[in-house]
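The values are calculated or read from the model by the stated rules, or taken from the named source; none is laboratory data. Predicted model, so just to flag it, every value in this text is computed and none were measured. Neighbour counts run over all protein chains shown; Cβ positions are idealised from the backbone, glycine included.
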Amino acid sequence: MDWCDTCYRLILPQDRIQSLGREYHKDCFQCAQCLRQLQPGKHLQFDQQLFCNRCCSHIMLQLNDQTKSNMIYQDGQQHVMDSPQQTPQMDSYVNSIVQKAEEYNSYYGKNNNLQLKITKYNNNVLVEGPLKIYWQLNAPICQVESSTTCTLVDLVDLDQPIQDNDCYTSYLPQFDSVQQVRVSSILSTNHVIALLLGRNKVIHHYRHYGLFLIYHHGYTRQLKEEEIPLLVRLQVGPSDEVCKIIIKQIGIDDKQEKSLSQEAAQFMCFSTTELQIILKQYQVEEDRELDKIRSKYSKQKVLIEKQLQSMQCSV
């Protein structure tokens, strides 16, 4: 009995394709980007997704050396990360991730397109599955034309002039439109951004973009480079109505800009009447604290004045 390495369903003997030591359905054995049928042994696999050599070249330009270590190359070789040493803290961490992943799957019920795959190995756990990212760009992106035979050799900066304009096109994704990208619990923020841009054949460097968490009450924060977006998604819960992950362009000023604090954001969901009541209460507390301060320092001022009078009399 064999199981498809792409959809994880049973494969009938007449519908089986074997490549690089793995089994696939014939319909599943296609490029995740251009959807063309693949040839056994002539493809690359990244994070359980199959790509033809041409499409993979766009993705690889966006990924750094650390992400490349997760690639399965045409010779079937793969770099494997060392397993962490087993400790009570590690066991608790693994169990916590498994529990949150199971809660995530339970939330989406029978929607197989949003289910996460949980794999325990040695002393660790690997979570894989689709991550929903919302586009909120303020400027068009430049991507390789799907109909062109041009091959992107290197990435460019946002302000860098582009040669061979016939090979590229400008495109602005609809604001707040969502795209799913398959990720895992070993891909950091930069890797996820690079993978998303590579899937869309964007020719700009991933460093010009950032992932942000936006809560329903207005609190916003940018994900750090070393954070794992999929684990962050599990931590905040599966509901996009409560919190969603967006991608947008960032500049030097944006990186230094402080997000709305969580303390301030908590008031964004109150009505006008409630906010007025809160302000009045704050004013009452402020006046009370001011009275305490005035009382404290007035007593000290009296003592100092008496001491000065005493010193003047002695002179």
Legend entry - Residue in region 125-141 that is at pLDDT 70 or above, in a loop (DSSP other than H, G, I, E, B), touching a Lys or Arg at 6+ places or on another chain (Cβ under 8 Å) and closer than 24 Å to Tyr108 by Cβ present: yes
Inset, instruction - Restrict the check to region 160-178 and report whether at least one residue is modelled with pLDDT under 85 and of a type in the set (A, V, I, L, M, F, W, C). - result: yes
Legend entry - Any hit, region 194-205, residues being modelled with pLDDT of 80 or more, aliphatic (A, V, I, L, M), surrounded by fewer than 21 Cβ atoms within 10 Å (Cβ to Cβ) and not in a loop (DSSP other than H, G, I, E, B): no
